[in-house]
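The values are calculated or read from the model by the stated rules, or taken from the named source; none is laboratory data. Predicted, not measured: the structure shown is a model, and the values here were computed from it. FYI the Cβ positions are ideal-geometry reconstructions off the backbone, even for glycines, and counts take in every protein chain you see. These accessible areas exclude ligands, DNA and RNA; they are computed on the full protein's heavy atoms, side chains included. Shrake-Rupley method; radii C 1.70, N 1.55, O 1.52, S 1.80 Å.
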Amino acid sequence: MNSIYHLAFLVPVLVGSQQQLLLPGSCSFDTGTCDYTSDLAYARWTRNEEGRFITADSSFIDGREKAVLVSPVLELLDWSCLRLVYQITGAGSLQLHLRPEGDNFDYTLWSADKPSDSWLIASIDLRNTSNAYQLLLEGRPSEEAGNSVAIFEIHIVPGYCIECNFEEHHLCGYSNHWNPNVNWYVGGSLARDPQSNLPDDHTMYNQRGHYMYVDSVYAKRFQEVAKLTSPMTTTPLSGCFSFYYQRDQERGNIFSVFTRDTLGHYEEIWRPDVYATPSWRLVNVDIKAPHPLEVVYEVAFNSARGGYVAIDDISFSPEFCHTETEPVVDPSIANCDFEEGLCQYYQERVEGKVWNRVSVKPNAYRIGDHTTGTGSFLLANTRFTSRPGYVGRLHGPLLPGNHKYCLRFHYALHGFRKVDNALVLYIYDQNNVAQEKVWSLADTTRDVWTGVDVTYMKPMATKVVFVSICKNFWDCGQVALDDITVTIGDCRITAGPLRPLPGQCNFETGDCGYSQEKDSDKGDWLRVRGQTPTSYTGPRGDHTTGVGYFMYVEASLMRPGHTARLLSSDLRGSAGPQCLVFYYHMYGSGTGLLSVLLHRSDSERDALLWRRRGEQSISWMRATVDYECDRRHQIIFEAIRGPSIRSDIAIDDIVFKKGPCTADAGDTIPYSGFSENFNEIEY
């Protein structure tokens, strides 16, 4: 059992006299739904006849996939915490979304899909914002009988979810890791043992208040451990984490505080410097949490006479506790798409210019850059050296130590017979000493931009160094590098190809709600990976990673003039301008037409937003489309097959943004078709 909610059966918890202020959007469903309403486009939520909870039950789902409960419009200017008491019975899921006013998309804040036989509590941080928004609770019970999703209570309180004074019955979502002998319990109240040496509560300075404590009295084995875990943060936090503790040590206990991320990695952030404290003692610790984490209070006892540890009044401030705390690291100084230069990357002068910034005009023979298809990238090959071979080192900027970094980049190969040392990635220290070889190139598909992500961490300041080695002119070709990004955190939990943000779709995990129009279509958009089957048309890999999924129209399955239409899910519309960015691939001598259309529910005719006709390039090309629509609408990608089977058309990496598109080089191409210089590289 891994939940503190069951502690209520062990120690009765009375709600303290310091009842927390409930903010708008809170509801216990006792006498009504507090202006929460069911979205009529989906199944209904049903309030229990006796009150106390509201449910989405498979018996009343009527064949619909979900039930959506929508809050009233909320204007919560300060940081707040939503505590949700819920239960999933049988098979199903529950998601919480935030719907900003005037935004096309909902943002998922939290989700759960594990069934339970009791009520559970979730804690979700709501960031401070100046914009009004609504909360959406999306219940998806499976269709079989007996499945349901129920909500017992929604409480929105001021402050951060990791804060707690333990006066509320739900204990702010803190949970005890069950141990047969030593556990965290609720302390305080008038009902305690008069012989106990446990302290009074810190919050109220009397016996009526509550705190959490762990006692060694039941410890039976050496190093028995009790763990108290905070709710998982759901939004980035940086600042001062504070709490009060008391520690009574007779023969030995070890008290430590850790953070634990979603991968289960622990990092110790504090341990006491004194054995015992006669009164409550304040602790202030600076934490930086760019990604979700839990705070874990861990106590290990050596014997049954190891004393006790108590904690109370956990709080958080966005201001750091200590002035000497290092400033927030900005790893974006190591980002570069090479459109405007080398950014902060440089080469060693003794080696000459092995790496050079180049661009390729759209053509049918050689791929262009990864960023736009027509922009710049770095290229290393023997053309730039007078020697039969070379060693080219590209150094990045120094980044501070003791941080976990996620490095992502794209590379492409052309003409290599041996790839052993074509591209290798090292981590160097500030003295230009290699600390570790973190990645090297395996045999790979040629002429495809391939994505790589590498997680690394070193105690000292370091930089990334890309190394390309050519020992023999006849074995070497060209290696290209583009779109380097560095972020804080492990690549497995940072936003990336497998964790797209709302409004983004790279088709890696599904179709993102895009659907085929069946009524008038004579062809289909297909979700595939790898090279398309017809030669001399279609991409060799997707745009996202080079080995992932994309959507395309297979011309050999259609006749000339046949149409395939891919429709987005319904978009709510916005009063301001919108920007649509996507990548398209139109390669083949018989390529037809690709159009982007705007479909409004109140109009019979679709509006043309963008169009390309005929063969464009062997590269993925970036398109940006400005449009405005203040009502419900859909975006349609329409492909029309050309005169021959060499007419495959593909799309990938669709992104919707608020505001007008920025005018980046290469986004708009003033022609339809080819440049006269099919294979021209500009150095």
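Couple of notes before you dig in:
- Relative packing of 601-610, 361-370, which averages over residues the other C-beta atoms within 10 Å, highest first: 361-370, 601-610
- Of the accessible area of the chain, computed with a 1.4 Å probe over protein heavy atoms only, carbon and sulfur atoms account for 49 percent.
- Each peptide in 261-268, 48-55, 614-621 receives the mean, over its residues, of other Cβ atoms within 10 Å, and ordering these scores from highest gives 614-621, 48-55, 261-268.
- Nearest-0.05 FRET efficiency for TRP178 and THR108, computed from C-beta distance (R0 41 Å): 0.85
- A 1.4 Å probe run over the chain, with the rest of the protein chains in place, finds 46 Å² accessible per residue.
- Extension reserve of the LEU77-MET457 stretch, reckoned as 0.36 nm per residue once the Cα distance is removed: 133.1 nm
- With N counted as the residues of the chain, its alpha-carbon radius of gyration over 2.2 N^0.38 Å works out to 1.13.
- Alpha-carbon centroid distance for the pair the stretch 407-443 / the stretch 273-319, whole angstrom: 43
- Label point 7 Å beyond Cα of LYS522 along Cβ direction - residues of the stretch 575-602 with amide nitrogen under 20 Å: 589-596
- Relative contact order (%) - the chain, alpha-carbon pairs under 8 angstrom, separation at least six: 10
- For the cross-link pairs LYS114/LYS220; LYS227/LYS288; LYS227/LYS458; LYS220/LYS404; LYS66/LYS522; LYS418/LYS458, the ones whose C-alpha atoms lie over 27 Å apart are LYS114/LYS220; LYS227/LYS458; LYS220/LYS404; LYS66/LYS522; LYS418/LYS458.
- Amide H to amide H distances under 5 Å link THR445 with no residue, where only residues 5 or more positions off or on other chains count and H is placed in the peptide plane.
- Residues in the stretch 550-571 reached by a label modelled at GLU604 [backbone nitrogen below 19 Å; 7 Å Cα→Cβ]: none
- Förster radius 60 Å - calculated FRET efficiency between ARG572 and TYR266 (Cβ-Cβ, nearest 0.05): 0.90
- Rg and Dmax of the stretch 452-585, based on Cα coordinates, read 20.1, 62 Å.
- Compared with the alpha-carbon gap, the fully stretched path from ALA434 to GLU628 is longer by 64.7 nm at 0.36 nm per residue.
- Dividing the radius of gyration of the alpha carbons in the stretch 420-463 by their Kirkwood radius gives 1.05 for Rg/Rh.
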